[in-house]
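Peer 1: Below is the structure I would like to discuss, written out as structure tokens.
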Amino acid sequence: MAGDLPEYYFRVRDNGANVFRVDSENRQRRIEMDQIAVVNIKNGEIKSQGDYALTPEDMAEIKRWMEARIALLARRDIDDIHRAVDYLNTTTQWIQSKATDAQLDAVTDDLLLAMHDLRAVLVRKKADRILKAQEANDRLRLTTHSPDRRRDNGAS
């Protein structure tokens with residue numbers, strides 16, 4: 001079983017991980033883990049631990065883990081948003097079918113403020129995306145239909 005262990009172990013922490021080299025091929029047949037680095041995925045920083053010099057193999061494995069971790073966290077973020085949409089739908093159903101007046105009094109203001117804030121941010125972000133797309137289309141139209149290009153095409 002010990003032979004099946006990975007060569008590296010990443011102890012996840014806020015913004016990254018502590019990286020350990022796993023050694024199970026020692027005389028005592030114990031699993032030993034030596035910390036070799038600290039990784040920060042927010043800023044991409046990789047710091048070797050103590051006087052340990054990271055090998056190219058170490059760096060390649062750490063970078064591979066960082067890429068996989070960033071992708072996992074991105075998937076989790078969008079999953080959280082999809083769950084939030086489900087919670088909103090469940091909350092709407094609860095309000096419509098089961099909530100008492102006392103329960104509604106306890107949550108209505110908080111829900112209305114949170115929903116107002118969410119709506120305002122969503123509307124602003126959507127408007128920004130629409131404007132950005134329109135500006136990109138306008139720039140594209142200007143570069144493909146500029147008078148200079150027509151002159152160049154006519155001259156050749």
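Bear in mind that the values in this text are calculations on the coordinates, not laboratory data. The structure presented is a predicted model; accordingly, all values stated were derived computationally and were not measured. Note: ideal-geometry Cβ built from the backbone for every residue, glycine included; neighbour counts use all protein chains shown.
Peer 1: ASP101 to LYS42: FRET efficiency via 1/(1 + (r/R0)^6), r the Cβ-Cβ distance, R0 35 Å, to the nearest 0.05?
Peer 2: 0.15
Peer 1: Enumerate the helices in the chain for which the Kyte-Doolittle hydropathy averages -1.0 or more and the C-alpha atoms extend at least 27 Å along the helix's axis, using complete DSSP H runs.
Peer 2: Qualifying helices: 56-97, 101-144.
Peer 1: Would you mind calculating the relative contact order of segment 1-73 from Cα pairs under 8 angstrom and at least 6 residues apart, reporting the percent as a whole number?
Peer 2: 21
Peer 1: Quickly estimate the mean residue ellipticity at 222 nm for the chain, helices only: each DSSP H run with n ≥ 4 gives -39500 (n - 2.57), and the total goes over all residues, rounded to 500.
Peer 2: When only DSSP H runs of four or more count, the value is -22000 deg cm²/dmol.
Peer 1: Sticking to Cα atoms, compute the Rg of the chain to one decimal and its Dmax as the biggest Cα-Cα distance, whole number, in Å.
Peer 2: In order Rg, Dmax, the Cα atoms of the chain give 27.4, 83 Å.
Peer 1: What value in Å³ per residue do you get for the convex hull of the alpha-carbon atoms in segment 1-73?
Peer 2: In segment 1-73, the Cα hull volume divided by residue count equals 103 Å³.
Peer 1: What percent does the relative contact order of the chain come to when contacts are Cα pairs within less than 8 Å and at least six residues apart?
Peer 2: Reported relative contact order: 10 percent.
Peer 1: For GLN35 and LEU73, what does the FRET efficiency come to when R0 = 22 Å and r is the distance between their Cβ atoms, rounded to the nearest 0.05?
Peer 2: 0.50
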